[in-house]
């Protein structure tokens, strides 16, 4: 390939490699007449300015907060660089050429590590890693346009700048904090209890009865619960009945009231109680639906989370928070994964991340008194392991009906699994920070932008389970539900029905910016803005599906057509870019994690299972695009493997492969296993193909 002639500015400057040592880079790239000593002395000056008098400088701590751009045009002013890097606190220049007229080095200083990391992302975004002067001038222009675009948008967030997802989380958590779960014997007990609450002036705001034996009651305020506690006793005759534990799970124990029992049961419907029955869905009903969309809607309406499901999962999280709050007053228990992202089915597992730390205080250094803490652990990981070990024991001892405690503490992300026996829910506890919650929020936002994705994912997950693409077994080299969600989102992005994650990042306002442990989880959740900018008729190009959003049946057909033609060997699935991107690795399948673009969430899937995926997609395409397609035909194989077509829908959609997000620790795609119960061992579960419980974290 013929090389172009270098310009006068570029003469004598050799292009560096990324991640090259800065000192070597200076020596290799200085123009004629410039010396490395001048730049090194300036770096030393920068170090000395930040070290207090009398202190010893290691020469590294403060330099980490300085971004170096080694070659910029002399005409580039400090003001122009400030427009690109608005969080910079100071900028110094050092001439690079002999006369100081052509080039200079920029030293851009920041106060915090997070500001520096954000600046480095801007640097990479505009290809300033190679420091081409044309790129620099273009960066000024692009950052100016971006700032203008963002500043022109109305800050949509309300209620203290919370997103819609965060508002729902807060509202549901508040409901749970003033709720009580009561084990009853039937409808008669429900009616009796509501009469008792009324007689004792304990106002009920909402009551959900799950047949046959649980009543979840939300009271008007938390004072009602305190009032209720004063009228609660312990079972007699048990040596451990007097353990002073106050948990908001109760058992109704009363004498039978004869004929009034039947009367109370008949009066239940008039008491504004939401009644939820076990869902025994018969898949043969789908045979009666000749239209694909009708069958999909019927399936979705029978498996989606009910109001009782939603309230129950927040209630369980709140009881865990309540148990820990005396020791950790700033404790917060946040749900993530399929139970909150909009893709969960009735009976799905609960994934809870605990945040025990006090929020940082800007005036922390001014406090004279400090809390004493034990310094017994060499790392945060070791601290997490010991803490989860203790929490697992507390759950086992103090939370009623908790069972099947399984501590998996040697995994990359330590977790504690337990079963909430009364409600038949599997729960996982971790200390993974907010990355999983942010992934759940991203999936929730996708569902708000294109509600059809939730129905699509429901069918695709069931299809994958029926055909053996996903498996309800130990972790292994096969697909997970999270991968299927990413594939569905990527398909809708290619049809211009969802924006790319990159576009969502570009329009994020200041209140939506969030970083944790050096990872940037910022993206816009402004539904109206995203639809206007990227999904409106004016913004959608002619390559998308024409007209309005097609019905969900058409989308399902097009999904299988899209992937029947997709070149998995050549391209990766990039939700970040929203278009096929050439694979960077030799993995059989590459599905990008949008919150950690370097991480392949499908790295465990081997070539054999990718071939099976492609084969099943092609067969599904033939079935679903035939002359008279029916949803039952797509899911038929699963039905042949069961003795009865009538069964509890929760077993059909058992969340056997949790995919919940903890991106910052490189754990994105795992498949949840059915581990044997253990209460006192540290175990590491790994498969021959590299997937293990440490990779358990995403959504499903």
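The values are calculated or read from the model by the stated rules, or taken from the named source; none is laboratory data. What you see is a predicted model; the values in this text were computed from it and never measured. Cβ coordinates were reconstructed from backbone atoms using ideal geometry, including for glycine residues, and neighbour counts include every protein chain displayed.
Summed over segment 590-607, the residues that are part of a loop (DSSP other than H, G, I, E, B) and touching a strand residue (DSSP E or B) at 6+ places or on another chain (Cβ under 8 Å) give a count of 4. Identify the residue in segment 282-340 that is surrounded by 17 or more Cβ atoms within 10 Å (Cβ to Cβ) and at pLDDT below 85 and, among all such residues, is nearest to residue 431 (Cα to Cα). Looking at the filtered set, the residue picked out is 283.
Of these, 184, 190, 202, which one is free of Cβ contacts under 8 Å to residues at least 40 places away in the same chain and in the same structural domain as residue 224 (by TED's automatic domain parsing)?
Numbers: 184 fails: free of Cβ contacts under 8 Å to residues at least 40 places away in the same chain; 190 fails: free of Cβ contacts under 8 Å to residues at least 40 places away in the same chain.
Only one candidate qualifies: 202.
The single condition among (1) under 30 Å from residue 336 (Cβ atoms); (2) out of contact with any helix residue (DSSP H, G or I) (no Cβ under 8 Å at 6 or more places or on another chain); (3) in contact (Cβ under 8 Å) with a residue 24 or more places away in the chain that residue 178 does not satisfy is (2). Only one of the listed residues (610, 549) is part of a loop (DSSP other than H, G, I, E, B) and either modelled with pLDDT of 90 or more or touching a helix residue (DSSP H, G or I) at 6+ places or on another chain (Cβ under 9 Å) (or both). That residue is 549.
Only a single item in (1) under 30 Å from residue 514 (Cβ atoms); (2) in contact (Cβ under 8 Å) with a residue 40 or more places away in the chain is not met by residue 563, and it is number (1). Taking segment 558-575 as the range and being farther than 9 Å from residue 490 by Cα and in contact with a helix residue (DSSP H, G or I) (Cβ under 7 Å, 6 or more places away or on another chain) as the test, the residues that pass are 559, 560, 561, 562, 563, 564, 568.
Any residue in segment 135-142 that is at pLDDT below 80, farther than 30 Å from residue 318 by Cβ, part of a helix (DSSP H, G or I) and touching a helix residue (DSSP H, G or I) at 6+ places or on another chain (Cβ under 6 Å)? Scanning segment 135-142, I find at least one residue that is at pLDDT below 80, farther than 30 Å from residue 318 by Cβ, part of a helix (DSSP H, G or I) and touching a helix residue (DSSP H, G or I) at 6+ places or on another chain (Cβ under 6 Å), so the answer is yes. For segment 188-223, the tally of residues that are at pLDDT 85 or above, assigned to a loop (DSSP other than H, G, I, E, B) and in contact with a strand residue (DSSP E or B) (Cβ under 8 Å, 6 or more places away or on another chain) stands at 3.
The number of residues in segment 463-504 that are touching a strand residue (DSSP E or B) at 6+ places or on another chain (Cβ under 9 Å) and at pLDDT below 95 comes to 4. Hey, does segment 429-437 have a residue that's touching a helix residue (DSSP H, G or I) at 6+ places or on another chain (Cβ under 6 Å) and in contact (Cβ under 8 Å) with a residue 40 or more places away in the chain? Checking segment 429-437: at least one residue is touching a helix residue (DSSP H, G or I) at 6+ places or on another chain (Cβ under 6 Å) and in contact (Cβ under 8 Å) with a residue 40 or more places away in the chain.
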